[in-house]
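Some notes on the structure that comes next.
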Amino acid sequence: MHINLLHLGRVPYARAMEIHQQVVEARKQNLISDTLLLLEHPPVLTLGRNAHRSNVLATDEFLAKRGVELHEVNRGGDVTYHGPGQLIGYPILDLRGDLPGKKGPYLGPVDYVRLVEEALIRTCGDFGVMTQRICKLTGVWTVAGGSIGEKKIAAIGVHVSQGVTSHGFALNVTTDLRDFEWIVPCGITDRQVTSLELEAPSDRQLTMELALNAAARNFGRIFERQMLWCESVDQLLAARV
């Protein structure tokens with residue numbers, strides 16, 4: 001068993017969603033195997049199903065001047081920011097498949113999210129950053145130290161349709177965190193955001209490529225699958241189950 005892995009590079013959000021939907025439909029029709037898309041976006045704000053427009057602090061005029069688009073999407077969660085230096089992962093998996101922890105005919109969405117969190121926790125650990133889950137707050141958080149509380153380093157928002165997952169995670173690697181000032185991230189007002197770049201020890205080498213490879217490796221370990229690299233969208237969609 002394997003998971004297809006495709007690195008798309010930096011892709012505008014609308015174009016990424018076209019590719020994303022193509023892959024989701026192919027997976028629903030069982031034309032391809034489970035797939036993980038890894039990429040970056042230019043600056044963009046997305047509002048999930050539970051989003052409140054009031055959590056977008058920047059004005060429409062400000063966002064327009066910056067060329068920042070705003071998209072309403074069908075994932076869970078509130079508003080979030082995507083931009084350069086942030087690793088985006090869209091796992092497109094059939095939860096009815098052979099997945100770790102599955103106790104019935106399919107893996108429950110909450111259990112699926114816990115697996116994604118674990119893959120990201122291990123990825124952060126590869127760079128010397130200790131992270132954790134926080135009850136009732138989806139995502140990955142740094143461990144509080146002294147007077148400094150937990151900070152969010154990775155956001156997760158997913159959608160499940162016909163047993164197939166879409167959307168996914170955003171891990172701040174070298175993200176310019178000032179851009180998060182445009183929003184109330186995920187609607188949470190009492191905790192800050194951070195990045196691997198800020199939290200990693202100074203002697204740890206960190207690049208987007210290293211973070212991407214670590215995330216792919218840990219995703220395969222947690223989901224107990226071999227990761228099979230694809231060179232292009234066409235090659236991915238041509239790969240039969």
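Any residue at all in the range 74-97 that is over 24 Å from PHE219 (Cβ atoms), of a type in the set (Gly, Ala, Ser) and touching a helix residue (DSSP H, G or I) at 6+ places or on another chain (Cβ under 6 Å)? For the range 74-97, residues over 24 Å from PHE219 (Cβ atoms), of a type in the set (Gly, Ala, Ser) and touching a helix residue (DSSP H, G or I) at 6+ places or on another chain (Cβ under 6 Å): absent.
The residue pairs whose first member lies in the range 121-140 and is on the phi > 0 side of the Ramachandran plot, whose second member is open to solvent by less than 40 Å² (accessible area, probe 1.4 Å) and small (Gly, Ala, Ser), and whose beta carbons are closer than 6 Å, counting only pairs six or more residues apart or on different chains, are GLY128/ALA200; GLY139/ALA154; GLY139/ALA155. Specify the residue that is farthest from THR123 (Cα to Cα); the eligible residues are those in the range 218-234 that are assigned to a helix (DSSP H, G or I) and in contact (Cβ under 8 Å) with a residue 24 or more places away in the chain. Going through the qualifying residues, I end up with VAL233.
Against the numbered list (1) closer than 30 Å to VAL79 by Cβ; (2) open to solvent by 30 Å² or more (accessible area, probe 1.4 Å); (3) modelled with pLDDT of 90 or more, GLN235 comes up short only at (1). For VAL116, the requirement of being touching a residue at least 24 places away in the same chain (Cβ under 8 Å) and either under 18 Å from LEU36 (Cβ atoms) or surrounded by fewer than 16 Cβ atoms within 10 Å (Cβ to Cβ) (or both) is met.
Inside the range 74-132, residues that are under 17 Å from LEU5 (Cβ atoms), in a loop (DSSP other than H, G, I, E, B) and in contact with a strand residue (DSSP E or B) (Cβ under 6 Å, 6 or more places away or on another chain) make up a count of 1. Filter the range 103-112 for residues that are open to solvent by 70 Å² or more (accessible area, probe 1.4 Å) and over 19 Å from the mean Cα position of the chain (by Cα); which is modelled with the lowest pLDDT? This residue is LYS103. In the condition set (1) acidic (Asp, Glu); (2) farther than 30 Å from GLU18 by Cβ; (3) modelled with pLDDT under 95, ASP176 is compliant with all but (2). Can you find a residue in the range 180-191 that is touching a helix residue (DSSP H, G or I) at 6+ places or on another chain (Cβ under 8 Å), assigned to a strand (DSSP E or B), under 20 Å from ILE222 (Cα atoms) and in contact (Cβ under 8 Å) with a residue 60 or more places away in the chain? Scanning the range 180-191 turns up no residue that is touching a helix residue (DSSP H, G or I) at 6+ places or on another chain (Cβ under 8 Å), assigned to a strand (DSSP E or B), under 20 Å from ILE222 (Cα atoms) and in contact (Cβ under 8 Å) with a residue 60 or more places away in the chain. Residues of the range 49-73 being touching a strand residue (DSSP E or B) at 6+ places or on another chain (Cβ under 9 Å) and under 19 Å from THR175 (Cβ atoms), which ones? Residues satisfying the conditions are ASN55, VAL56, LEU57, ALA58, LEU63, VAL68, GLU69, LEU70, HIS71.
Of the residues examined, PHE169 is not one that is farther than 15 Å from LEU120 by Cα, among the aromatic types (Phe, Trp, Tyr), within 17 Å of the chain's Cα centre (by Cα) and surrounded by 15 or more Cβ atoms within 10 Å (Cβ to Cβ). Checking each residue in the range 26-63 for being assigned to a helix (DSSP H, G or I) and open to solvent by 70 Å² or more (accessible area, probe 1.4 Å) picks out ARG53, SER54, ASP60, GLU61, PHE62.
The values are calculated or read from the model by the stated rules, or taken from the named source; none is laboratory data. The model shown is predicted, which means the values in this text are computed figures rather than measured ones. All Cβ positions, glycine included, derive from the backbone under ideal geometry; neighbour counts span all protein chains shown. Remember, those area values only see protein heavy atoms, side chains included, never the ligands or the DNA or RNA. Shrake-Rupley method; radii C 1.70, N 1.55, O 1.52, S 1.80 Å.
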